[in-house]
Structures are given as C-alpha cells and as structure tokens.
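Here the structure comes first, spelled out in structure tokens, and everything after it is commentary.
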Amino acid sequence: MASSIINQLTPTQEHFLKKYLLEEQLANELHAFGEPNCCDLLGYPFKSSHNHDSNELPLLSFYFKQFLATFPFITNNSEKDQRIFWQETLQPFIESFNTKPISHSEEREENITKRRQVNKKLLSGLLLFFNSVIITNQEITYLTASHYKPSDTGKIDKFQNRKNTHQPHESLNIVGVKKLRQEKQSSSWLPFYRTQQSHYAFIIQTSHEKRNYFVLKSYSQFKDLHKQLKSRFPGILTEVSLPHKEKSDEGWQSSDVYTESVVLVREKLRLALRGYLKALVKIEEVKNSSILSQFLLSDKVKLSSDDKIDMQQRLEHEAVMHQTQIEFQRQTTKIMLSLNKDFDDFKSRMVMYPDTISNIFIELGQNSDVKQLSPLLQTFNAWSKVEIAATIYQVFIGQDNSIEWFNKVKKFHRIFPHNIVYGILKYTNPMKMVSRIVDLLLVNIPSFSWNSELSDHSRKTGSKNLLSMIFIMLLNEDLSDFNKELTVLRERLVGYEPYMERIEYYTTLSNDEINRVREEADGRDMFDTVLVSTILEPEIIDGKKRIDPTSEVYLNLKQYWQLQIRKRDKDLFKQLWQEPELTELIKKFLTIFYQPLMAVFAKCDVHLAFRGFQKFIDDLIETVSKINDEEVYYLDSFDIYDKLKSLVDRHESVIWEFIHKIYVKDDQHLFLNLIHWLEKYLNMMRIKFVDPDMVKIALHGTKNIDEELFMKLP
C-alpha cells in the first residue's frame with residue numbers, strides 16, 4: 001500500500017515529503033539533546049559510561065563527528081588537549097546545564113523564547129544541510145525543474161513593506177500632531193506678567209464598537225500610560241520601551257516647487273509612538289486592559305480645519321514614503337535579478353568544483369584591489385553591497401521604530417572610546433593584553449584578599465573569580481527588581497496564598513517532576529495546570545479551584561507565575577556562574593579559539609581595519625541622518641538607493657584589504673584550513689551528482705500510511 005502511494009508522488013511532492021521526514025527526525029534528536037546524558041549518546045570524542053549506539057542520534061552524531069569534532073581551531077591542538085576540551089571541559093558543562101530546570105516557552109508563555117530561537121535556528125541550519133545532501137529517487141528531476149527556490153523568495157524578504165498604516169480605516173493610528181498653547185507665569189517676582197508656551201499633542205485615531213474616534217494625547221500622557229502599565233503589569237513590559245523625545249525633531253520639510261513649504265513637526269516622534277502603541281496591543285493582557293482602553297477613548301476631540309490639513313499632509317507624506325519603499329524594492333530587486341544568473345553560476349560552480357572558495361581566497365591573497373578581481377568575485381562583491389544597502393534601508397529608514405534603532409547606534413558610537421581602542425590596537429599586543437585581562441577575570445579570588453570589599457562580595461555571591469562576581473551581581477540586581485514586583489503582587493493577592501504557594505512549589509521541582517506536570521497538562525496551558533494539578537501542594541479547597549480567567553485575580557496570579565519563573569531562571573544562572581564548569585569552559589574556549597585568531601590579527605594591522613570601520617559608521621550616520629532629516633520627503637527611490645549604495649562603495653576597499661592581509665600574514669594557514677573545512681560541506685552536496693546512490697533514501701519503505709488522507713495533504 002505504502003509503495004503504491006509513494007510511486008504516485010510527483011518530484012516536488014517527494015522532495016517535500018523527504019524534507020518533512022528529515023525535519024521530524026532532527027526535531028526528535030534535538031529534543032533528546034536536552035537530556036543530561038546527551039554527550040553519551042553522541043559518543044566519541046565524549047567519554048561514555050555505556051556503549052551507546054550512535055544510531056540513537058544518527059543525524060546529529062554524523063554531523064558532530066564529521067564537522068564539529070574536525071573544526072580546524074580544535075584540531076590544531078594536540079590530541080591530549082582535544083580530549084581535555086571535549087571530555088573534561090565541555091561535557092561537564094553540558095551535563096550540569098541540562099540538569100537545571102530552566103524554563104521552556106510554555107512556562108514563559110512567550111511565542112519565542114531565546115532558547116527556542118536558538119533551537120529553531122539550529123534546526124533550520126541542520127535541515128538545510130541534510131536536505132541538500134540526502135536525495136530521493138526523483139530529487140534530481142526536482143532540482144533541474146523550474147521552480148521557486150528559497151534564494152528567490154529571500155530576495156524579496158529583505159524588502160518586506162510595512163503595511164500602509166495611514167489608511168483611515170485602520171483601527172489604531174496616530175494621524176496628526178496639534179500645537180497647543182498655554183499661559184504660564186514667568187516668575188515669582190513678576191506675578192502680573194504671563195507668557196505663552198506651546199507644546200505638541202498627538203491625534204490618535206481609534207475605533208470602538210464599529211465607530212471611529214479621534215483623541216488628543218500629549219507626550220506626558222504617554223509617559224503616564226507607560227508608568228501605569230508597568231505598575232499594573234509588572235514583568236510583562238520588559239521588551240517594550242517608550243520612545244524618547246528628540247530636541248531636533250522639528251519635522252520633515254517638503255521642497256516641492258509646485259506646493260507650499262510643509263513642515264511636519266514631531267513627525268519622528270509620531271511614527272515612533274505609533275510603533276509603541278502597536279507593540280502594546282500585541283500583548284494580550286495590555287490590549288484588553290482598562291488602562292489602555294481609558295487612554296484610547298478619553299480626551300476625544302473634533303478635528304479642526306487645520307487638524308485635517310495637517311492630517312492630510314502627514315498621510316501624503318506617508319504615502320510618499322510607502323511608494324519610496326516599493327520603488328526601492330523594485331530597484332534593488334532589479335539589480336539582484338541582473339546578478340542572479342551570474343550568482344547562480346557561482347553557486348553551481350562552488351558545488352561542482354568545491355575548491356572554488358580556496359581559489360577565491362588565494363586570488364584575494366594575490367590582489368588587494370577589489371577593482372582588479374576576477375568577474376566571479378566582482379559578481380559576489382556587487383551582490384554583497386546590494387544586500388548591505390538594503391539592510392541599512394530596512395533597519396534605519398523603512399520602519400516605524402527605525403528612528404529608535406538609529407538613535408541607539410548614534411549614542412553607542414558617540415560614547416565608544418574609538419581613539420583609546422585604536423591606540424591600544426596599534427601600540428600594544430592585543431593578544432597578550434586581552435590574555436592578561438582574561439587571566440585577571442578568571443583567576444580564583446584568594447580567601448584572604450588584599451581587598452576586603454572584594455572578599456566580602458566573593459563570600460556573599462559565592463563567586464570564585466571576578467568574571468563570575470560581575471555576572472552574579474548583575475543577576476542579583478534583576479532579582480531585586482523581581483522581588484519588588486512580587487511584593488506588590490502579594491499585597492494584591494491577599495486571601496489567595498495557597499495559589500501563590502503552589503506556584504512557588506512548582507519552581508522548586510526537578511526536571512523529572514516538571515515533566516510529570518507537563519504530561520498532566522497534555523497540551524493545556526501550564527499556568528492553568530499548576531492551579532489545579534494534583535501533583536502540586538498545597539491542596540486547593542474544591543470551591544476555590546476555578547478562578548475566572550477574565551478576573552483581576554487571575555491576571556495577577558498569572559503575573560506572579562511569570563515573575564517566579566523568571567526568578568527561578570535567574571537563580572539557576574547564578575548557580576552556573578558559581579560552579580567551576582562554566583569558568584573552565586570560558587578559559588578553554590579562549591585558549592582554543594581566541595588566541596589563534598588574535599595571533600593572526602596582530603600581524604594584520606587590525607588597528608587600520610578598526611579605524612576604517614569607525615569611518616564607515618561615521619559616514620553611515622551622516623548619510624542616514626541627511627536622508628531622515630532633509631531628503632526622505634522628496635528624494636525618489638533611486639536617489640535613496642544610490643546614496644546608500646555609494647556609502648558602501650566608499651568603504652568596500654577596507655574589508656578586502658584586511659582579507660588580503662590575513663592571507664599574506666597567516667603563516668600557519670589557519671584561515672586556509674578553515675576554508676578547506678567549509679569545502680567539506682560543498683563536497684557533501686556534490687555527492688548526489690557524482691554518486692547519487694550513496695546519499696539516496698528509499699521512501700517506499702515507509703509503512704502504515706493512510707492513503708486517502710495522505711493524498712489529500714497539500
């Protein structure tokens with residue numbers, strides 16, 4: 001039965017069935033990698049107390065032995081040092097980490113936690129590799145047929161246009177800015193003299209019960225809203241910050257010769273506040289709260305003729321920006337497509353001739369001038385510059401919160417001690433200097449230290465060295481903030497102490513006990529399960545087992561749950577810093593990876609590359625500032641693209657010259673060995689073309705398939 005079904009599949013269906021099966025297998029293996037004995041399952045070079053068969057983790061075991069265990073920075077060391085790294089440094093840390101009940105996404109109630117993001121990226125990368133290597137009977141037919149490839153759709157992904165948020169029917173939008181005047185007494189010794197001061201308020205368009213309203217809110221009212229929300233929802237608004245006012249936000253000015261000059265005052269802040277409101281309504285608790293509803297439905301205002309004119313001008317301005325985004329996308333996509341054939345040839349050549357990358361690196365070593373490189377490298381260079389220009393546009397110009405990101409970059413760049421770092425890199429040996437700093441940070445603090453304050457901190461935090469002390473003190477600051485918020489919630493939950501005790505009891509469970517609660521949940525919300533679970537203590541009186549999910553008590557208990565979970569995670573990370581495994585791993589990692597790199601960089605005038613990067617950031621800030629402040633209103637898309645592309649053009653020689661020096665100065669061929677290691681991936685992908693039977697899987701062996709249901713799948 002199964003064989004007949006498989007034989008009916010088209011090459012495309014067969015390809016995606018194979019991809020699905022690989023993804024399921026990898027997901028299962030990665031899940032097993034979270035177990036304390038995962039290193040045993042991978043086998044050598046880890047030490048194993050049992051003779052585990054590598055078939056338990058066939059894909060991960062293969063990848064680990066072929067690529068991770070053979071990484072050049074590791075294999076450059078003696079066999080003894082390699083064994084110490086795998087068995088006495090990395091393995092104890094992984095085992096220690098996996099025994100700690102660090103929260104999962106279902107506990108944190110976040111769609112994507114950092115841990116889940118890492119797992120997702122890891123799964124995606126491994127799936128890409130194995131899907132490219134392993135083939136089915138009809139795989140070659142699929143690969144040679146005309147179809148959209150991920151690289152095709154990826155060209156468009158970078159230029160995802162934001163929604164046209166200026167449409168009047170949008171449910172939530174900041175559509176205008178109104179200038180308000182108020183009288184103010186100038187000083188205490190002239191009570192009869194009063195002056196007029198002006199400030200700006202923002203016109204918010206919102207809808208309620210199918211009716212549109214306009215409300216007027218000042219920036220100070222936004223600050224009050226944020227303060228109330230943080231007080232009402234402790235621990236929830238950690239990822240949402242209120243945009244700052246800019247003194248230079250005097251607005252964009254049109255220079256269109258056919259219209260009057262138009263100045264859109266506080267336009268940057270308007271867009272940033274709109275992004276802030278949209279971030280708030282993505283949080284379910286905040287979206288349904290009376291605080292936000294009151295904010296959006298109070299202070300209703302009827303638009304004056306001046307307000308309507310201002311609103312229309314801002315809508316037209318956004319329409320121009322939106323059209324600019326579309327045109328920018330067209331320009332960049334057109335250039336990418338013009339490079340597409342050459343770049344596809346380049347990728348095909350890399351697969352069929354895996355030494356292509358080595359030859360390219362050798363070419364860079366023979367020629368530092370990018371203008372004199374071969375057509376193949378010129379194509380790659382042009383492609384890279386378009387990608388960088390597109391990324392700069394998307395991050396710093398094309399989104400509501402672009403100004404916030406841009407201001408953060410400007411602030412960091414302004415306060416960073418570039419000249420000091422440049423002098424250090426130029427006149428000292430950075431490898432020895434950082435090595436001494438690392439020794440200082442990681443050396444054990446003596447019991448009788450010359451610094452009594454240092455000894456006190458060491459005893460209080462349980463830290464063994466300066467680095468662990470720094471991180472533990474930072475974690476303690478976070479825990480102090482959590483405890484303050486938990487105290488507020490305890491005052492609100494008087495009479496519901498048994499529920500709080502159950503939550504606190506859950507945070508003391510081991511991994512095995514938490515898994516029992518997960519099994520009891522069986523897909524239900526973990527918080528709801530904790531409230532009624534028969535596994536946890538204390539027992540809840542039957543009449544109080546159910547709490548209305550729409551009640552304030554339920555919401556406060558949920559916040560209490562989330563804060564306790566975060567608090568437990570912080571405590572667990574404190575334990576990691578107090579244990580020797582993490583410190584040993586950092587020491588060994590720096591020895592194996594950092595020192596060989598710095599040994600090469602020290603010979604390559606890294607201070608010149610650093611100065612070149614500083615000049616690039618200076619130029620980027622000046623260019624983007626000019627586009628944002630003066631030109632975004634009236635420049636067409638090609639002008640904006642040309643300015644960003646020219647920015648990259650002006651600085652491309654720095655990176656290529658640095659790569660050239662790395663080749664020339666790398667007398668131990670560290671980077672050349674790294675490229676040879678990368679070419680192992682290409683050799684694996686090449687097998688399907690030269691010896692397909694070696695990497696072919698037989699799908700017809702699949703059993704227990706419901707034919708009718710299977711053929712209905714998309």
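Scanning region 395-413 for residues that are polar (S, T, N, Q), modelled with pLDDT under 80 and not in a loop (DSSP other than H, G, I, E, B) gives a single hit, Ser402. Among the residues of region 477-508, those identified as touching a helix residue (DSSP H, G or I) at 6+ places or on another chain (Cβ under 7 Å) and under 30 Å from Glu95 (Cα atoms) are Asp478, Leu479, Phe482, Arg502, Ile503, Glu504, Tyr506, Thr507. Against the conditions (1) surrounded by 15 or more Cβ atoms within 10 Å (Cβ to Cβ); (2) touching a residue at least 24 places away in the same chain (Cβ under 8 Å); (3) in a helix (DSSP H, G or I); (4) not small (Gly, Ala, Ser), Ile362 satisfies every one except (1). Restricted to region 679-696, and to residues there that are assigned to a helix (DSSP H, G or I) and touching a Ser or Thr at 6+ places or on another chain (Cβ under 9 Å), the residue that is nearest to Ser132 (Cα to Cα) is Met685. Screening Leu242, Leu229, Leu216 for residues that are modelled with pLDDT of 90 or more, surrounded by 12 or more Cβ atoms within 10 Å (Cβ to Cβ) and either within 31 Å of the chain's Cα centre (by Cα) or over 27 Å from Ser625 (Cα atoms) (or both) leaves exactly one candidate, Leu216.
Of the set (1) surrounded by 14 or more Cβ atoms within 10 Å (Cβ to Cβ); (2) farther than 28 Å from Lys287 by Cβ, all apply to Leu563 but (2). Of the helices (runs of 4 or more DSSP H) that lie entirely inside region 569-674, those containing 1 or more residues that are within 30 Å of Ile357 (Cα to Cα) and of a type in the set (Val, Ile, Thr) span 595-601, 606-626, 637-665. When Asp571 is tested against (1) surrounded by fewer than 19 Cβ atoms within 10 Å (Cβ to Cβ); (2) under 30 Å from Leu377 (Cα atoms); (3) within 25 Å of the chain's Cα centre (by Cα); (4) not aromatic (Phe, Trp, Tyr), just one condition goes unmet, and that condition is (2). Of the residues in region 27-34, at least one is modelled with pLDDT under 80, within 30 Å of the chain's Cα centre (by Cα) and not aromatic (Phe, Trp, Tyr). Here is the figure for region 350-359: residues that are assigned to a loop (DSSP other than H, G, I, E, B) and either surrounded by 15 or more Cβ atoms within 10 Å (Cβ to Cβ) or among the basic types (Lys, Arg) (or both) total 1. Among the residues of region 494-524, those that are charged (D, E, K, R) and within 33 Å of the chain's Cα centre (by Cα) comprise Glu504, Asp512, Glu513, Arg516, Arg518, Glu519, Glu520, Asp522, Arg524.
Just name the residue that is modelled with the lowest pLDDT out of those in region 3-23 that are surrounded by fewer than 16 Cβ atoms within 10 Å (Cβ to Cβ) and more than 22 Å from Leu143 (Cβ to Cβ). Here the residue is Ser3.
Would region 143-158 turn up any residue that is at pLDDT below 85, part of a helix (DSSP H, G or I) and touching a strand residue (DSSP E or B) at 6+ places or on another chain (Cβ under 9 Å)?
Among the residues of region 143-158, at least one is at pLDDT below 85, part of a helix (DSSP H, G or I) and touching a strand residue (DSSP E or B) at 6+ places or on another chain (Cβ under 9 Å), which makes the answer yes.
Residue check: is Ile472 at pLDDT below 70 and either over 30 Å from Arg546 (Cα atoms) or exposed (fewer than 14 other Cβ atoms within 10 Å of the Cβ) (or both)? It is false that Ile472 is at pLDDT below 70 and either over 30 Å from Arg546 (Cα atoms) or exposed (fewer than 14 other Cβ atoms within 10 Å of the Cβ) (or both).
Scanning region 309-330 for residues that are of a type in the set (Asp, Glu) and either at pLDDT 75 or above or within 29 Å of Leu229 (Cβ to Cβ) (or both) turns up Asp310, Glu316, Glu318.
The values are calculated or read from the model by the stated rules, or taken from the named source; none is laboratory data. None of these values were measured; they are calculated from a predicted model. Because the Cβ atoms are built from the backbone with ideal geometry, glycine has one as well, and the counts that use them run over all protein chains shown.
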